[in-house]
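Q: Have a look at this one before I ask anything.
Nothing in this text is a laboratory measurement; each read-out follows from the coordinates by a stated rule. None of the values given here were measured: they were computed from a predicted structure. Don't worry about glycine lacking a Cβ; one is built from the backbone with ideal geometry, like all the others, and counts go over all protein chains shown.
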Amino acid sequence: MAFFSFLDREHTVAEPGYSRWMVPPAALCIHLCIGQAYAFSVFNLPMTKLIGITKSAPDDWKLTDLGWIFSIAIVVLGLSAAIMGRWVEEGGPRRAMFTAGLCFGGGFLVSALGVYLHNLWIVYLGYGLIGGCGLGLGYISPVSTLIKWFPDRPGMATGMAIMGFGGAAFIASPLSVWLMAKFSTPTHVGVAETFIVLGVVYFCFMMVGAAIVRVPAPGWKPEGYTPPVVEQKLITNKHVYVYDAIKTPQFWLIWWVLCLNVTAGIGVLGQASAMSQEMFPGKVSAVAAAGFVGLLSLFNMAGRFIWASTSDVIGRKNTYFCFFALGTVLYCLVPWTGSIGSVALFVLCFVIIMSMYGGGFATVPAYLRDMFGTRYVGAIHGWLITAWSAAGVFGPVLVNYIREYQIDHGVPKAQAYNTTMYIMAGLLVIGFICNSMIKAVSARYHMSDTDSRAHDATAASAVQPSAARA
């Protein structure tokens, strides 16, 4: 439709003089919104009291059923990113960001209807399915654009954007609690109204990102930039088509690298409060445990920028070697910190682990760019995000079920996590091995120069009609 032509890629090509530093704020507009997913748990307890108000009534939803909302959203995030990755790459970031805003904001509105009608399946459809599609499209849409604008510092660029996803909970959590308090009455929990406000606000902010984002003109390079020597840094100047990339062993090795790094971190992140209180009974209060969770989130956010920027200096492969080697040592130390009763060492271990958890997310797009080129990195990243979906299941299952098994067999709660920590360390050793096996992609997977020139010609011709209309 002509009305939506402003979403086309040809209308997002930057004019001469456009500052590439406008693109990170556009990406942050998206990631600071969709990162609300990390704060969705603040709605769980209020939604168990929609009928009972002060306490759960027999017909109220159970906490175990509500937990599926977040799980569905994360699974759909991975699936939508994989399925729609090529559409995002070829259609341009503005169309993808606009669609992400519609889905994410619309998901809240549909969920509000589900809360109003007290139909949990509508909430699953709203936040889980529709909102999950917005998460997937929103997560990958700025990444390839940033990499194209910052070929000299791709790690730093993606770190800036993905840092927003990790830190969004600091805005979303207190905002959601405040809104629910404003809308609640003695006979009503203000969840539905909060969903409506959040849906509208997030949609508007995501539209700002969609409006200001631009893609570089074909052949654009930063002033003074020289492509690196491939043999020295395991960085290719060639491009690999998305469906060829997922046939390579390098893709699947990086898939496991991300999956194992995330599995080790995400299970701990979900149980950090309970773990700290159970490992140090009488020393860590519920308030202190909540502060610990907040501290983990801060390091999760900061690690995304710091580690990704570091990877520009030491290389992506070496950065992941740091994650796996240091992480293995730290997970093995955690049981010892519990045995000597050192809360400070326990906290130190986990804030470093969380920084590497976040850093893994921010570094992997640049890793893909190094291996497969920039042409289809967004679509390839979309396929790789399925590793996050898998880890979102593996991590919590390992932590929760092993803990339950240990307690059922007479192990004290303070020691119930020890076996899990050693298993996590073992997973990181496997990740270290996978990372060590990653080599340069075979030349047979590279797009030919003819294909590359044809692509550039298509992109260039797309710019000219818009210039003529202007």
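Q: My understanding is that a pair violates if its Cα-Cα distance is over 20 Å; which of Lys148/Lys238; Lys62/Lys413; Lys55/Lys413; Lys62/Lys182; Lys148/Lys439 do that in this structure?
A: Working: Lys148/Lys238 14 Å; Lys62/Lys413 25 Å; Lys55/Lys413 28 Å; Lys62/Lys182 24 Å; Lys148/Lys439 23 Å.
With Cα atoms farther than 20 Å apart: Lys62/Lys413; Lys55/Lys413; Lys62/Lys182; Lys148/Lys439.
Q: Right, another one. Kindly rank 360-370, 300-310 from highest to lowest mean number of other beta carbons found within 10 Å of each residue.
A: Values: 360-370: 28.6, 300-310: 23.8.
Descending mean neighbour count gives 360-370, 300-310.
Q: Taking the Cβ of Asn261 as the centre, find all other residues whose Cβ is under 14 Å away and add up their charges (Lys, Arg: +1; Asp, Glu: -1).
A: That sum, taken over residues with Cβ under 14 Å, equals +3.
Q: Compute the separation of the alpha-carbon centres of the range 240-292 and the range 299-344 and state it in Å as a whole number.
A: The range 240-292 and the range 299-344 have Cα centres spaced 12 Å from each other.
Q: Using only helices, what value at 222 nm comes out for the chain when you add -39,500 (n - 2.57) per DSSP H run of length 4 or more and divide by the total residues, to the nearest 500 deg cm²/dmol? It would help to have the intermediate numbers written out before the result.
A: Details: 19 runs with 337 residues, N = 470.
Calculated mean residue ellipticity at 222 nm is -24000 deg cm²/dmol.
Q: Assuming a viscosity of 1.002 mPa s and a temperature of 20 °C, what translational diffusion coefficient in µm² per second does Stokes-Einstein assign to the range 182-253, Rh being the Kirkwood radius over Cα pairs?
A: Working: Rh = 18.1 Å.
After rounding, the answer is 118 µm²/s.
Q: Apply the Karplus parameterisation 6.51 cos²θ - 1.76 cosθ + 1.60, with θ equal to phi minus 60°, to every residue of the range 156-164 and state each ³J(HN,Hα) to the nearest whole Hz, in sequence, with x for glycine and proline.
A: After applying 6.51 cos²θ - 1.76 cosθ + 1.60, I find 4, 5, 5, x, 4, 6, 6, 4, x Hz.
Q: What ranking, highest mean first, results for peptides 15-26, 72-83 when packing means the other Cβ atoms within 10 Å averaged over each residue?
A: Numbers: 15-26: 14.4, 72-83: 22.3.
Result, highest mean first: 72-83, 15-26.
Q: Between Cys322 and Asp65, 0.36 nm times their residue separation minus their Cα-Cα distance comes to what? If you can, show how the numbers build up before the last one.
A: Details: separation 257, 0.36 × 257 = 92.52 nm, distance 3.81 nm.
Going from the current span to full extension adds 88.7 nm.
Q: Now for a separate question. Going by average Cβ neighbours within 10 Å, how do the peptides 253-263, 208-218 rank, with the highest at the top? The partial results should precede the final answer.
A: Details: 253-263: 24.5, 208-218: 19.1.
Per-residue Cβ counts within 10 Å, averaged per peptide and sorted highest first, yield 253-263, 208-218.
Q: How large is the Kirkwood hydrodynamic radius of the chain, in angstrom, based on all distinct alpha carbon pairs?
A: Working: mean 1/r = 0.0434 Å⁻¹.
Computed over Cα pairs of the chain, the Kirkwood hydrodynamic radius comes out at 23.1 Å.
Q: Among Phe43, Leu295, Trp178, whose Cα projects farthest towards the positive end of the dipole of the chain, with charges put on the beta-carbon of Lys, Arg (+1) and Asp, Glu (-1)?
A: Highest projection toward the positive end goes to Leu295.
Q: Below 8 Å, C-alpha to C-alpha, sequence gap of six or more: please give me the relative contact order for the range 233-445 in percent.
A: Values: 288 pairs, mean separation 90.8, N = 213.
So the answer I get is 43 percent.
Q: What full-extension length gain, to one decimal in nm, is calculated for Val200 and Lys182 as 0.36 nm per residue of separation minus the Cα-Cα distance? The partial results should precede the final answer.
A: Numbers: separation 18, 0.36 × 18 = 6.48 nm, distance 1.69 nm.
Fully extending the segment from Val200 to Lys182 adds 4.8 nm.
Q: Can you pull the semi-axes for the range 233-445, root of five times each eigenvalue of the Cα gyration tensor, sorted largest first, whole Å? Don't skip to the end; give the middle numbers.
A: Values: eigenvalues 238, 55, 37 Å².
That gives 35, 17, 14 Å for the three semi-axes.
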